[in-house]
Amino acid sequence: MKQQSTIRTLIGRNVERQLVREFLLRETERAGFGGLTFNRTPDGTKISLRAEQVGRVIGRRGKVIHELGNRLKNDFFLDRPHLDVEEVTEPRLNAQIMASRMSSSLERGWFFRRAGHGTAQQIMDAGARGCLVILSGKITGARHRVEKFQQGHIKFCGETALEFMDTGFSTAVKKLGTIGCTVKIMRPDAKLPHEIIITERADSGLPPLAEVAIFEVSDEEADEELSATIEEPKADAEGVVDSVVDMMAGIEQTKEEE
């Protein structure tokens, strides 16, 4: 029963955080919602909201952010929530902002290929290592289909995809139906496991290796050294044979004397 209650607690906490994310996305979408993070502290739950236009989230004299804080405290079961706002330095490298921009472009009547290629090109121009743009839904007709726009280097699955790929999702509501817009960006500072940089010994603080001396040897000296290396084991073998013969002769002599 204890394990089951713990699981229920974790599930309930994640559900509440997802509801908070949807609420803040809906309220701050015009300000360029770029995601949020939750941190549990001794003073309560700290919510860090990233936005493109911080002034529209804060409002005049902090009126808007104060109202959002009261809504979080009264409508959600968070432990003493505290809302902070951070500015997004490069919106083109934020997956959630680019997904919202693309959905807004589709709602304004942009052709899906123009919106997809344009979004991917903007992300690559900002310095990203790779990006993947996915449009799914009733794009041009009555049937559902999926269109993908890919540039650069990306990861689809595994630990590297979870660690280095940022994902954003938004929806565009059109007359034909709803279109889902997914944007995945590989950050410029992503260092993949197979990328290895070899540094010099001096840069890493290691002492230099001893220099190996190279001597020039003539052909005659080389032949003499080679013959000497061959004659030495040959002479040793002959000495061993002579000692064995002397020992056998001594044994036969003792037998005759007996």
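Quick notes on this structure:
- Those strands (runs of 3 or more DSSP E) of the range 102-214 in which 1 or more residues are of a type in the set (K, R) occupy 145-152, 178-186.
- Of all residues in the range 74-86, exactly one satisfies the criterion of being among the charged types (D, E, K, R) and within 22 Å of F169 (Cβ to Cβ), namely E86.
A quick yes/no check of all residues on (1) at pLDDT 90 or above; (2) of a type in the set (G, A, S):
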| residue | (1), (2) |
| --- | --- |
| G55 | no, yes |
| R60 | no, no |
| I65 | no, no |
| R80 | no, no |
| T89 | no, no |
| Q96 | yes, no |
| S103 | yes, yes |
| G116 | yes, yes |
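- Filter result (surrounded by 10 or more Cβ atoms within 10 Å (Cβ to Cβ) and over 22 Å from G127 (Cβ atoms)) within the range 182-208: R201, L206
- Matching option when the condition is in a helix (DSSP H, G or I) and not acidic (D, E), among R40, R17, R30: R17
- Among (1) at pLDDT 85 or above; (2) in a loop (DSSP other than H, G, I, E, B), the one test that I47 misses: (2)
- Qualifying residues in the range 1-24 (those that are among the hydrophobic types (A, V, I, L, M, F, W, C) and surrounded by fewer than 16 Cβ atoms within 10 Å (Cβ to Cβ)) - the one farthest from T182 (Cα to Cα): M1
- Residues in the range 30-72 that are more than 28 Å from the chain's Cα centre (by Cα), at positive phi and either crowded, with 17+ Cβ neighbours inside 10 Å or in contact (Cβ under 8 Å) with a residue 24 or more places away in the chain (or both): 1 in all.
- Sub-8 Å Cβ pairs linking a first residue in the range 137-153 that is over 14 Å from F112 (Cβ atoms) to a second residue that is modelled with pLDDT of 90 or more and in a loop (DSSP other than H, G, I, E, B), at least 6 apart or interchain, are G152/A128; G152/R129; H153/R129, ordered by first then second residue.
- Complete set of residues in the range 131-147 that are touching a helix residue (DSSP H, G or I) at 6+ places or on another chain (Cβ under 8 Å) and of a type outside the set (A, V, I, L, M): C131, T140, E147
The values are calculated or read from the model by the stated rules, or taken from the named source; none is laboratory data. All values reported here derive from a predicted model rather than from experimental measurement. Counting neighbours? That spans all protein chains shown, and the Cβs are built from the backbone with ideal geometry, glycine included.
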